[in-house]
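Down below is the structure, laid out as structure tokens.
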Amino acid sequence: MNNFDSFNLYLFNQGKLEKAYELFGSHLVKDEDGNTLGTIFRVYAPNARIVSVIGDFNGWDSRTHTMRKIDDQGIFELYIEGIREWEKYKYVIVTNQNETLFKADPYGFFSDNRPETCSKVYDIDGYYWHDKEYLERRKNSDQLHEPLSIYEMNIGSWMTKPDGNFNKYNELPPLLIPYLKKMGFNAVEFMPLVEFPLDESWGYQGTGYYSVTSRYGVPKDLMYLIDELHKNNIKVIMDWVPGHICKDAHGLYKFDGSHLYEFDDEYRRENVTWGTANLDLSKGTTKSFLISNAYFFMEYFHIDGFRLDAVSNIYYYLGDQRNGINEGGVQFLKDLSNAVKAYDRNVILSAEDSTTFPNVTKPVEYGGVGFDYKWNMGWMNDTLKYFAKDPIHRKYHHDYITFSLVYAYSENFILPLSHDEVVHGKGSLIEKMPGDYWQRFASFRALIGFMFTHPGKKLLFMGGEFAQFREWREKNELDWFLLQYDSHRTAQNYVAFVNKLYQKHPALYINDDNYESFRWIDASNTDQSVFIYERKCNDENLIVALNLTPNSYLNYKIGVPYKGTYEEILNSDKLEFGGSDLYNGLPLDSMDNPMHGFDQSIEITLAPLSVSVFKKIK
């Protein structure tokens, strides 16, 4: 356990202490042989008059173990002999206004399972990792120019046990890892795993930022899960919420009777939409708390990245541009980026951001905010609106598909089909598709094909990969029984095929930050709702053809930029994917017939509601 000196205190107050978890919280004290002697508790509560530690060890009596105030800033400390791992505890805080509060430890490493709200003493050290080679590869990689296909999931509702209980972190590897590899995902994004009281909040209203939720096991179980994922070259991204906190009595909110971490003034603090309190990210103590939290997950859990939720709520006061820029929030994001990139430049920072705030994915040293990726919410909204249209009306909304290419290279984007799109009455992906049963699945396949051939990294929420009909519900596992039906099983096969195709062909990913990697061949065929474009890199040229009507077209002529032979490497209408099996079986030689501004052209078969990809054979 490190001692708190004046320099650490200065860094803490300035928002520059990057390992505050080493100083605050509960830490076991051991002898030279590793035997536990007791536990030292340390907490920051500047508005407290008296702070005590309570637990089973003292009958929850606040008079027994009163903490000592060790400095004028409001840091309290107490060593209790004989306290061992797993002991439950809370802090009793008597404020300067004589209010008595019962609080969980903000830096506690583990929590009692809901509905209980106390912290538990936990030995966070001692896990033996097996991912040294993986981390070395990560450190030396060029992630921006590598494929990234993310499977977003909620651990509790992905797959449950036969009795309906949650699978634990350490029970997931034999279930999850083979599935991710079969489906071709090279990254998994877990919805928030910090401790949270209410299942229905999905983890977005947390109370224990340093305590991974006890619903699914203990912290070392999560370390084991991540270790096993790394052994199989699968990245782990954690959904993280640094902008606002829930207002449950045992949490951070009004921790010592004052608004210690959140805004002092009610207008900026109260997030009425979510019923939460906005954190004041300009406060040094709040910055140290959160940046240390990122360090904690990188150091102890080897996390590969963070997806920051509701970034617009950090850029702007109350998430509203009309309220002005929250300079403290923006500076926090820059400081976070600098801290994370100093730890490992290839740890991913992605922003769930629906605003037009500039230079989100530009490095801080070049005037940017410092994220690696921004979720392309415009692409998601326009694309889903287009695909929800009856095909007969799609010609009037052609720009929903073409517009995203106007700004596709303005930031480094992730294309998200996330949990937010399949909840609250919005319908699942397959439910959004119009037409009869067959047409719905055909449009679904075309949507996935468009996503994986469009510039940007990819993210798909669980259940979408096999076209689950029901919306996601946190209390039910995915509808795995659907895989006994051909339509869902072939949809799953298709997603796996496209996922692996994407990662196999550099033209689809290597130059996602370069506008020269994309070229429209035909973006103006509104009457037939056909889109033709090229994806390219130095080593490869691919032609993508989208037909988004139920009509099929034989001998459809398209211009190609290069003379040669073209082979169809993807056709979503193949029988194995649930289609009508109308595809281009033989290689196609280009002809000296000008089309679409090119001297060469090929004639292809365009299946109904389909996507085809052709590769020029060298």
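The values are calculated or read from the model by the stated rules, or taken from the named source; none is laboratory data. Worth saying up front: this structure is predicted, and the values here are computed from it rather than measured. Cβ sites come from the backbone with ideal geometry, for glycine too, and all protein chains shown count toward neighbours.
Odds and ends about this structure:
- Boolean, residue 361 is among the β-branched types (Val, Ile, Thr) and touching a residue at least 60 places away in the same chain (Cβ under 8 Å): no
- The stretch 230-248, residues that are within 22 Å of residue 287 (Cα to Cα), among the aliphatic types (A, V, I, L, M) and either surrounded by fewer than 22 Cβ atoms within 10 Å (Cβ to Cβ) or touching a residue at least 60 places away in the same chain (Cβ under 8 Å) (or both): 237, 238, 241
So that you can scan it fast, the table gives a plain yes or no per residue for (1) modelled with pLDDT of 95 or more; (2) surrounded by 19 or more Cβ atoms within 10 Å (Cβ to Cβ); (3) closer than 23 Å to residue 9 by Cα; (4) not charged (D, E, K, R):
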site: 32; (1), (2), (3), (4): no, no, no, no
site: 36; (1), (2), (3), (4): no, no, no, yes
site: 44; (1), (2), (3), (4): yes, yes, yes, yes
site: 49; (1), (2), (3), (4): yes, no, yes, no
site: 52; (1), (2), (3), (4): yes, yes, yes, yes
site: 70; (1), (2), (3), (4): no, no, yes, yes
site: 73; (1), (2), (3), (4): no, no, yes, yes
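- Against the conditions (1) over 28 Å from residue 291 (Cβ atoms); (2) surrounded by fewer than 17 Cβ atoms within 10 Å (Cβ to Cβ); (3) within 37 Å of the chain's Cα centre (by Cα); (4) charged (D, E, K, R), residue 61 satisfies every one except (3).
- Filtered residue count, the stretch 219-241, keeping only those that are touching a helix residue (DSSP H, G or I) at 6+ places or on another chain (Cβ under 8 Å) and either of a type in the set (Val, Ile, Thr) or at pLDDT below 95 (or both): 3
- Each residue in the stretch 581-618 was checked for being more than 38 Å from the chain's Cα centre (by Cα), of a type in the set (A, V, I, L, M) and surrounded by 17 or more Cβ atoms within 10 Å (Cβ to Cβ), and 4 of them qualify.
- Residue 310 in contact (Cβ under 8 Å) with a residue 12 or more places away in the chain and part of a loop (DSSP other than H, G, I, E, B): yes
- Residue ID - nearest to residue 377 (Cα to Cα), chosen from residues in the stretch 331-346 that are crowded, with 19+ Cβ neighbours inside 10 Å and without any contact (Cβ under 8 Å) to a residue 60 or more places away in the chain: 333
- Residue that is nearest to residue 501 (Cα to Cα), among those in the stretch 117-139 that are free of Cβ contacts under 8 Å to residues at least 24 places away in the same chain and in a loop (DSSP other than H, G, I, E, B): 128
- Condition met for residue 572 (closer than 22 Å to residue 384 by Cα and buried (at least 21 other Cβ atoms within 10 Å of the Cβ)): yes
- Meeting the requirement of 3 or more residues that are under 20 Å from the mean Cα position of the chain (by Cα) and closer than 22 Å to residue 521 by Cβ, the helices (runs of 4 or more DSSP H) wholly within the stretch 339-454 are 437-453.
- Screening residue 478 with (1) of a type outside the set (Asp, Glu); (2) touching a Gly at 6+ places or on another chain (Cβ under 6 Å); (3) closer than 25 Å to residue 163 by Cα; (4) outside any loop (DSSP other than H, G, I, E, B) gives one miss only, at (4).
- Candidates in the stretch 265-281 are the residues that are part of a loop (DSSP other than H, G, I, E, B) and at pLDDT 95 or above; of these, the one that is farthest from the chain's Cα centre (by Cα) is 280.
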